[in-house]
Structure formats: C-alpha cells, structure tokens
Amino acid sequence: MSEIKQHAFLFDATRCIDCRACMVACSVENKIPMDKTRIWVSGIGIKGKFPDLESATMVYHCMHCEDPDCASACPVGAWVKRSDGPVLYDSKLCIGCRYCMNACPFGVPHYDWDKGLIDGAFIDKCSMCPQRIDIGLEPACVATCPTDALVFGERADLLKDAHARIASHPDRYIDHVYGENENGGTSYLIVSHVPFKELGLPELGPTPLKDISELIMGGTLPFAFGLTAVLSGVAAGVHAYNKNKASKEESSEVQDELPAKTEASK
Amino acid sequence: MKLNIRINQRFRLSPGVVVLLAFIALAFVVAMIRYINGIGAISNLNNAYPWGFWISFDLFTGVAISSGGFLMAGTVYILRIKEFQPLLRPSVLTAFLGYIMVAVALLVDLGHPERIWYMMIHWNHTSVLLEIGICVMSYLAVLAIEFAPVVFEGLKWEKWAHLIHRFIMPFVILGVVLSTLHQSSLGSLLLIQSSKLHPLWWTPILPVLFFTSAISFGLAMIILESSLSSRYFKRGLETHLLEKLARAIPVVLAIYLILKFGELAFAGDFNYLFTSGWMSVLFWSEIIVSVLIPLVWFSFRRVRQSPRGLLTGAVILLLGMIFNRFNVSWFAINHPDPITYMPLFMSPVTYFPSLPEVAVSIGIFSAGILVFGLAAKYLPVFEDEGSIHNHLA
C-alpha cells in the first residue's frame with residue numbers, strides 16, 4: 001500500500017455497534033495498558049421514544065490534523081506531522097509541559113499522571129500504527145473492526161466514499177463530512193446520523209487554530225529588534241538631553257535639580 | 001555600640017519565620033512525592049485539565065506581579081528619572097525572586113524538569129511557550145546582573161558593583177525588551193485555545209491586554225511591597241513617590257478598559273456580556289474589582305497621598321488582576337465536553353486543586369517572602385533617599 005500518499009481513517013457512526021474490539025486491538029498492538037487506551041469509545045445513549053429509538057457511538061482517535069495545533073504549540077518540536085498522514089510524538093524530546101494537551105481542540109493527547117521521574121511520564125495518543133502502515137497493513141483498530149465502521153485508505157478516496165455514502169442514503173446521514181475542513185482538515189473523517197455536537201465533537205472553522213498565534217510569533221523578532229532600537233534611541237536621547245542641560249546649568253551655576261518635565265511623561 | 005548592631009543583624013527565628021520554614025518544608029516533601037510517584041499523586045490535574053492552579057498562580061500571576069522590575073529599571077536607567085531610585089532595588093529584588101519562584105514552580109509542574117534546557121537547543125519557532133521559556137530564562141540572567149551590584153555592595157566589593165553599573169545600560173534595555181515580549185506572550189499562549197476559552201476573554205489582542213495589565217500589576221506591586229516593608233522594617237515610606245506611581249494607574253487601567261471593551265465591540269461579542277450565565281458573572285466581577293474600583297480609587301488625590309489609601313487600592317487592584325489571570329487561564333476555559341469525550345475510567349472530568357497542589361505554591365511563595373526579608377535585612381536593598389549613592393553619574 002505504499003502508493004498511498006495521505007493515509008486517513010473514515011469512521012461511520014451508523015455502522016458502529018459499540019463492540020470496542022478496536023480498543024482491545026490497539027492496546028495489544030501498541031502494548032498500552034487498557035486503562036490508558038489510545039482509542040476511546042463513547043455512546044450518547046438511547047434517545048427518542050419507543051419505537052423511534054436512536055443511539056449512536058463515537059470512536060475517538062487522534063484526528064491527525066493536516067495542520068496540527070499540537071505540533072505548532074510544542075516548544076521543543078516533539079510533535080511532527082508526517083507527510084503521509086500520521087501526527088507522531090517523540091518522547092525523547094518531550095519536556096512534559098502539556099501545552100499540546102491544551103492546544104489540541106479535540107483533547108486527544110493524554111498524560112502519564114501516575115509516573116514519576118524514574119518511570120518517566122509521557123504524552124500518549126493514537127499514532128496511526130506507523131509500524132503497520134509502513135509495511136502496507138491497516139492500523140490494528142481498522143483491521144479488527146467487524147462492521148467496517150472504521151476504514152482506512154487514501155484521504156481523497158475516503159472523502160469521495162464518504163460523500164457517496166451520504167448521497168446514497170440522504171435520509172440516514174447528516175450531509176456533512178466532519179474533518180473534511182474542520183481545523184484545516186483532519187485525517188480522521190466522520191460521517192454520522194446524529195449531529196456531530198452530540199458525538200462530543202467541537203465546532204471548528206476551516207482555518208487551524210494555530211494560525212493566529214503563528215502570525216503573532218512571526219512578528220516577535222522584528223518587534224523585539226524594533227523595540228530595542230527605540231529604547232536605545234530614547235536612552236541616548238535622554239542622556240544627551242540631561243548632559244546638555246547639566247552643562248548649561250553648570251555654566252549658570254544652578255544646583256542640579258532633577259528634570260521635572262520628563263517625569264510628567266511617565 | 002558595635003556589639004548592639006551585630007546583635008540586631010543576627011538572624012532570629014521569629015514565629016513568622018518558623019511558619020514560613022514549615023510551609024517550605026511541606027512543599028519540599030510534597031514535591032518529592034510528586035517526583036517519585038507522579039503529578040497525579042499529589043494534584044488533581046487530569047487529562048481534561050492538564051494545566052491548573054500551578055499555571056494560573058505560579059506562572060501567570062507570578063510573572064505578572066514581577067513586572068515592577070522592568071518598569072522601575074526602565075524609568076530610572078532609560079528615562080533617567082532619578083527620583084524613583086529608592087524604589088528601584090526593591091522592585092528588581094521582587095522581580096528577581098518572582099522569576100526564581102516561577103522557575104521553581106515550573107520545575108514541579110513540568111513532567112521532565114531535568115529536560116528544561118532542551119528549550120535552549122530544540123527550537124520549535126512557532127511555539128509561544130518556547131518564546132516565553134527563552135525570555136524568562138534570559139530575563140532571569142538579566143535580573144541577576146541588575147541585582148548583582150546590591151550583593152557586591154553588601155559584600156563591600158565596591159569595585160565590582162561599580163563595574164556593573166558602568167555597563168548596565170544594554171542589560172536594562174534587554175530586560176525591558178524581554179519583559180515586554182513575555183508579559184504579552186503569556187496572553188498569546190492562550191490564542192491557540194480559541195475553541196476552549198470563552199469569547200469574553202479570547203481575543204486576538206490578548207497579548208496587548210496582558211502587557212497593559214502587567215503594567216498595572218507592577219505599579220500596584222511596588223506600592224504593596226514598599227508599604228509592607230516600611231511597616232515590617234520600620235523604615236520611612238516614600239509616599240510622594242508612590243503617589244506619582246499611583247497617578248499612572250488610572251491612566252493604564254483606562255487604556256486597558258478601552259482596549260478590552262473596544263475589542264469586544266469590534267468582534268461583536270457584546271451579546272455575551274449578560275447572556276453567558278456564570279461566565280458573565282465572572283467577567284463583571286473581574287472588571288469591577290480589577291479595573292473599575294481601582295480606577296476610581298486612585299483618581300482621588302487624597303487617597304493617593306495617604307499610605308493606607310495606597311495600600312488598600314494596590315491590594316484591590318492586585319486581587320482583581322489575579323482574578324483576571326485565573327479567569328483567562330482556568331475558569332473561563334471550557335475543555336471539550338468531557339462527559340462524552342473522556343471515558344470516566346480514564347480521567348476525572350472536573351478539576352479543583354488538591355491541598356498538596358496548593359501547598360507547593362504556598363511553600364514556594366513562603367520561600368520568596370523569606371528570601372526577600374533576608375535580602376532586605378542584610379543587603380542594601382532599601383536606601384533612604386538621602387543616603388542613596390548616585391549611580392547615574
């Protein structure tokens with residue numbers, strides 16, 4: 001499957017039966033204790049009145065954003081977006097500041113709260129199983145899903161597939177592919193029969209959240225140099241003014257009174 | 001007589017000092033437990049609330065209350081308004097200790113404190129936190145240089161003190177630049193959380209608001225520390241200088257208020273002012289205590305000229321602005337709906353700081369007060385206006 005340029009998931013909430021096999025498969029594959037799963041499955045319960053009952057289940061992975069906020073926020077660059085899809089974490093660089101957890105609008109990265117300095121506390125989240133996709137396999141969760149609620153492939157193909165599913169059953173699906181544009185696009189696409197908000201997904205615009213802080217960061221150095229120049233100028237100016245004044249006062253033999261005018265400007 | 005002076009100079013274990021030492025010891029024990037058993041063992045921080053009391057109090061508040069240092073250094077050295085010189089050293093000491101406290105607190109909060117120096121070699125240039133880290137580390141060095149003459153004078157190494165005074169200008173300018181950058185960047189830190197921070201607080205001009213309010217923090221802090229140390233050390237109070245500082249407070253707060261409401265109007269967020277339930281209550285309480293009351297209070301000359309009026313106003317302003325920092329970095333942040341988003345077995349979904357968590361902050365704060373007291377006692381920090389050496393030849 002090395003021909004895939006941009007890996008992505010497609011999750012179909014109408015197909016999920018809440019069996020949680022994906023969680024088990026993920027824990028086994030990535031050797032994650034079950035109480036620290038990288039996938040979490042959450043139902044919104046049963047809604048409506050008999051016989052018109054409705055339920056839905058959401059399977060949360062890392063969204064593997066196209067422009068990940070975590071990677072923008074991390075001070076030491078421990079997060080990288082691989083060009084073929086996965087957002088990966090380097091525990092060797094992580095300083096444990098947990099800014100990525102704040103920056104992620106989906107609340108995905110989670111932390112080893114129970115580990116001290118000796119064990120080493122790290123961030124963990126879904127990695128898209130790079131050890132599997134690099135040899136042409138699907139991620140463990142997808143391979144184990146019994147109802148094809150989770151599928152994996154080229155992002156562009158999955159988007160086409162998602163829209164085709166909506167088009168063929170407009171009565172069943174909400175006409176929106178979550179992740180197509182959210183936060184600049186994600187590599188975890190979702191189609192659903194219940195509003196995405198009820199699945200616990202945040203409402204996000206098409207521009208990544210990081211854009212504003214990156215814009216401001218870009219202006220930091222020019223601002224710093226500009227301010228240094230201005231302050232140096234002010235310091236030199238005040239110094240020259242005082243010297244000039246002092247020499248004048250000296251000639252008229254006036255005691256050095258402090259410049260009362262400059263403090264009014266403060 | 002000489003003997004008498006030495007007895008006064010000796011460090012005595014007063015009850016207050018014992019309490020401070022006890023707090024420090026407690027914080028030390030709690031920190032050790034955290035290093036052995038993890039942050040979860042002592043705090044209520046969790047996956048839904050990765051940042052909590054430590055960040056709001058130790059980082060956001062700690063940095064803001066230390067802004068007096070760069071204000072006074074800039075005023076005395078760059079603008080050369082020499083009459084403020086008596087306030088310079090206490091302000092620089094407050095800032096120096098404040099930043100050391102921030103750094104110590106971060107060493108508890110960071111998951112890998114032993115890797116903090118990675119920030120100096122692994123640069124992710126898009127990260128606001130990197131900028132803050134670099135600025136705070138550099139500014140600590142600058143503050144050490146700015147404070148060094150006081151230590152050298154205390155040690156009677158006049159030559160060294162003089163040497164630093166001769167070359168201090170570039171460091172003062174660097175200090176003001178670094179302070180401007182990271183005081184505002186603490187606001188930029190929250191920009192990336194636009195989907196979580198309530199629109200009454202989230203605005204693209206957060207850095208500007210943070211910088212403006214940091215100035216009011218610094219002015220109030222200088223008034224507070226001068227007032228308290230004049231009481232505690234039974235020395236004179238430079239009321240006429242503090243009056244001048246206090247005169248600036250309404251101006252700064254008015255600018256802050258105009259910026260804040262102007263932006264809300266510009267962004268069309270006025271509808272949130274009264275319709276956001278608890279968030280509206282938090283917002284208005286913050287605005288009243290942090291801006292409106294101090295603005296009116298310090299507008300009265302009589303209030304500004306009385307030591308008690310100055311102290312009261314400074315305390316109100318500081319409490320209000322600390323409330324602002326807590327709101328913006330904690331109370332007004334809505335994490336993704338935790339009920340549906342976080343499985344209960346993985347993480348608690350609410351956050352309230354645990355006692356040990358608060359104990360760490362109290363211990364670090366106590367250490368700051370203790371060191372301030374020691375420095376004020378043994379070093380020429382407070383100088384009477386008459387006896388001040390003229391460093392600015």
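Quick notes
- Separation of alpha-carbon centers, the range B:310-336 and the range A:15-55, rounded to whole Å: 40 Å
- No Cys partner within the rule (Cβ under 4.7 Å), the protein assembly as shown: A:Cys16, A:Cys19, A:Cys26, A:Cys65, A:Cys74, A:Cys94, A:Cys97, A:Cys104, A:Cys129, A:Cys145, B:Cys135
- Dipole axis of the range B:197-334 (+1 Lys, Arg; -1 Asp, Glu on Cβ), positive-most option in B:Val251, B:Phe270, B:Val281: B:Val251
- Loop trypsin sites (Lys or Arg not before Pro), the range A:120-216, which have at most 16 other Cβ atoms in a 10 Å radius of their Cβ (DSSP): A:Arg172, A:Lys197
- Remark: the B:Phe28-B:Ser285 segment gains 89.0 nm on full extension, using 0.36 nm per residue and subtracting the alpha carbon distance.
- Mean residue ellipticity (222 nm) of the protein assembly as shown, computed from DSSP H runs ≥ 4 via -39,500 (n - 2.57), nearest 500: -16500 deg cm²/dmol
- Nearest-ten-degree value, helix B:85-109 long axis tilted from longest Cα axis of chain B: 40 degrees
- Among the trypsin sites (Lys or Arg not before Pro) in the range A:52-94, those placed in a DSSP loop whose Cβ has at most 16 other Cβ atoms within 10 Å are A:Arg82, A:Lys92.
- Ranked B:Leu79, A:Leu199, criterion: other C-beta atoms within 10 Å, fewest first: B:Leu79, A:Leu199
- Inter-probe distance in nm under a simple model that places probes 7 Å from Cα toward Cβ, at B:Arg302 and B:His125: 5.9 nm
- Residue among B:Leu174, B:Thr350, A:Phe225 farthest towards the positive dipole end of the protein assembly as shown, charges placed on Cβ: B:Leu174
- Charge dipole (debye, nearest 20) of chain B; +1 at Cβ of Lys and Arg, -1 at Cβ of Asp and Glu: 1280 debye
- Alpha-carbon geometry of the range B:220-261: the Rg and the Dmax are 13.3, 43 Å, given in that order.
- 26 Å tail of the calculated P(r), chain A, as % of Cα pairs: 54 percent
- Per residue, the Cα convex hull of the range B:175-330 amounts to 116 Å³.
- Straight Cα distances below 18 angstrom link B:Lys82 to the aspartates and glutamates A:Glu249, A:Asp256, A:Glu257, A:Glu263, B:Glu146, B:Glu238, B:Glu243, B:Glu383, B:Asp384, B:Glu385, with same-chain residues fewer than 8 positions distant left out.
- Counting only other chain Cβ atoms within 10 Å of each residue's Cβ, the peptide A:32-38 averages 1.
- Among B:Thr203, B:Thr94, B:Thr239, sorting on how many other beta-carbon atoms sit within 10 Å of each Cβ, with the fewest leading, yields B:Thr239, B:Thr203, B:Thr94.
- Restricting the chymotrypsin sites (Phe, Trp or Tyr not before Pro) of the range B:80-119 to loop positions (DSSP other than H, G, I, E, B) with no more than 16 neighbouring Cβ atoms within 10 Å leaves B:Trp117.
- Value of Rg/Rh across the protein assembly as shown [Cα atoms, Kirkwood radius]: 1.04
- Estimated from the Cβ-Cβ distance and a Förster radius of 30 angstrom, the FRET efficiency linking A:Asp35 and A:Ile135 is about 0.55.
- Span per principal axis, largest first, for the Cα atoms of the range A:1-130 (Å): 54, 40, 27
- With at most 15 other Cβ atoms within 10 Å, longest stretch of chain B clear of loop trypsin sites (Lys or Arg not before Pro) (DSSP): B:236-393
- For B:His162, A:His110, B:His112, order by how many other beta-carbon atoms lie within 10 Å, fewest first: B:His162, B:His112, A:His110
- Distance from the range A:94-137 to the range B:135-201 (C-alpha centre basis), Å: 33 Å
- Panel values: chain B, Kirkwood radius from alpha carbon pairs, Stokes-Einstein at 25 °C and 0.890 mPa s, translational diffusion coefficient 110 µm²/s.
- FRET efficiency for the pair B:Val18 and A:Asp119, taken as 1/(1 + (r/R0)^6) with r the Cβ-Cβ distance and R0 = 30 Å, rounds to 0.25.
- Charges were assigned to the Cβ only: +1 to each Lys and Arg, -1 to each Asp and Glu. The resulting dipole of the range A:7-207 about its Cα centre is roughly 340 debye.
- Evaluated over the range A:7-207, the count of Lys pairs having alpha-carbon atoms less than 25 Å apart is 19 (only pairs 8 or more residues apart or interchain).
- Spin-label model distance (nm) - B:Arg235 vs A:Asn181, 7 Å beyond Cα toward Cβ: 6.4 nm
- HN-Hα J in Hz across the range A:89-103 - Karplus 6.51, -1.76, 1.60, θ = phi - 60°, x for Gly and Pro: 10, 10, 5, 6, 9, 4, 9, x, 7, 6, 5, 4, 5, 6, 6
- Directionally averaged projected area (convex hull, Cα atoms, the range B:27-183), nm²: 11.0 nm²
- Inter-label distance, nm, simple model (7 Å from Cα along the C-beta direction), B:Leu355/B:Trp160: 4.4 nm
- A:Tyr241-B:Ile36 FRET efficiency (beta carbon distance; Förster radius 60 Å; 0.05 resolution): 0.50
Quick note: the coordinates plus some simple rules give every number you see, no bench work behind them. Values in this document were obtained by computation on a predicted structure and should not be read as measured data. No Cβ is skipped: glycine too gets one built from the backbone with ideal geometry, and neighbour counts run over all protein chains shown.
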